[in-house]
Amino acid sequence: MRIAVVGSGSVGTGLARAWSGLGHSVVIGSRSPESERVVELLASLGNGVSAAGLTESVADADVIVLAVPWGAAEVSLSALGDLSGRLVIDATNPFVGGLNLGIGYDDSGGEQVARWAAGAHIVKALNIVDARLLDGKKLDGREISIPICGDNKEAKRVIGELIAELGFDVIDVGELEISRLLEPLCLLMIKLSIKKSLGAEIGFRVLRN
Ligand SMILES: NC(=O)c1ccc[n+]([C@@H]2O[C@H](COP(=O)([O-])OP(=O)(O)OC[C@H]3O[C@@H](n4cnc5c(N)ncnc54)[C@H](OP(=O)(O)O)[C@@H]3O)[C@@H](O)[C@H]2O)c1
């Protein structure tokens, strides 16, 4: 599958490494694809991962991942051009001024992304897992659960399979509106990781028989 990962930070790098290692064709969408930092990143990733400017990066992509800070989400989406009918993973969390959710209760970052990227099929996913675990590392012998939500069933099927390939336990939790619950959950995971000193190797898991 051709995957465009928009953002060359922790999440973008982790996903590019993991999916390219599984044989997918990955291009990183960057504001500065020719910078020394990005060139070095590509060399360290190998596996044919390339970089391109934002618009160019998504041109042939089957799936696009938004992996930029919340404050850059609107401008980044706008730079991607018309995303009607495209499959987009929203991995962002709407943090403003540090670890504060800028949207919540009756709206969500996921829904805001859908308004900015009019016509795109947005699937909220991968926002609650630490970027250092994107290779699907098991914890306590189990796969980490990745809840996904979105309004388009086919988009959730394709994206769910792609995330499951990484080694995660994917759970379809419903419509995009459920982002209102997934974004605060990310904050809980960060608080456990940092404030309670549990570190990076913690994950959310839904146990069931
Ligand atoms: N870190 C995690 O463990 C984690 C886990 C789950 C979800 N998330 C969410 O995923 C998103 C990305 O997180 P991250 O940790 O990968 O962020 P990051 O390491 O700070 O990287 C973000 C990337 O976005 C691009 N970008 C575009 N506009 C930017 C701007 N104005 N300022 C800074 N960077 C900009 C940059 O790539 P270019 O310079 O190449 O354009 C940058 O490398 C965030 O919304 C975060 O909440 C993070």
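State the dimensionless ratio Rg/Rh of the range 1-104 (Rg: radius of gyration of Cα atoms; Rh: Kirkwood radius).
For the range 1-104, the value is 0.97.
Quick one: check the C-alpha center-to-center distance for the range 99-146 versus the range 35-98, whole angstrom.
15 Å
Would you mind working out the accessible area per residue for the range 2-195, using a 1.4 Å probe, and quoting it in Å²?
Dividing the accessible area of the range 2-195 by its residue count gives 44 Å².
With +1 assigned to the C-beta of every Lys and Arg and -1 to the C-beta of every Asp and Glu, and no other charges, what is the dipole magnitude of the range 2-195 about the Cα centre in debye, to the nearest 20?
That gives the range 2-195 a dipole magnitude of about 440 debye.
Do the sum for the chain: with -39,500 (n - 2.57) for every DSSP H run of n ≥ 4, divided by all residues, what is the mean residue ellipticity at 222 nm, to the nearest 500 deg cm²/dmol?
Helix contribution divided over all residues of the chain: -9500 deg cm²/dmol.
When DSSP beta bridges are limited to those with both residues in the chain, what percentage is antiparallel, rounded to the nearest 5?
Here the share of antiparallel DSSP bridges comes out near 15 percent.
Under 5 Å between amide H atoms, partner at least 5 residues away or on a different chain: which partners does VAL170 have, H built in plane at 1.01 Å?
ILE146
Could you pull out every whole DSSP H run in the chain that spans at least 15 Å of Cα extent along its own axis and averages 0.5 or higher on the Kyte-Doolittle scale?
Qualifying helices: 179-190.
Using amide H atoms built 1.01 Å from N in the peptide plane, name the residues 5+ places from ALA51, or on other chains, whose amide H lies under 5 Å from its own.
Answer set, sorted by chain and number: ILE28.
Summarise the accessible area of the chain (1.4 Å probe, protein heavy atoms) by the percent that is carbon and sulfur.
51 percent
Just check the chain against the gyration tensor rule for me: Cα atoms, a ≥ b ≥ c as the square roots of the eigenvalues, rounded for a/c under 1.5, and otherwise prolate or oblate depending on whether a/b exceeds b/c.
The shape class here is rounded.
Within 10 Å, count the other beta carbons around each residue, average over each peptide in 136-147, 171-182, and list them highest first.
171-182, 136-147
The values are calculated or read from the model by the stated rules, or taken from the named source; none is laboratory data. Given the structure is predicted, the values throughout are model-derived calculations rather than measurements. Note that we place each Cβ from the backbone using ideal geometry, even for glycine, and neighbour counts take in every protein chain shown. Each accessible area value is taken on the protein alone, full model and side chains, heavy atoms only, with ligands, DNA and RNA left out. Shrake-Rupley method; radii C 1.70, N 1.55, O 1.52, S 1.80 Å.
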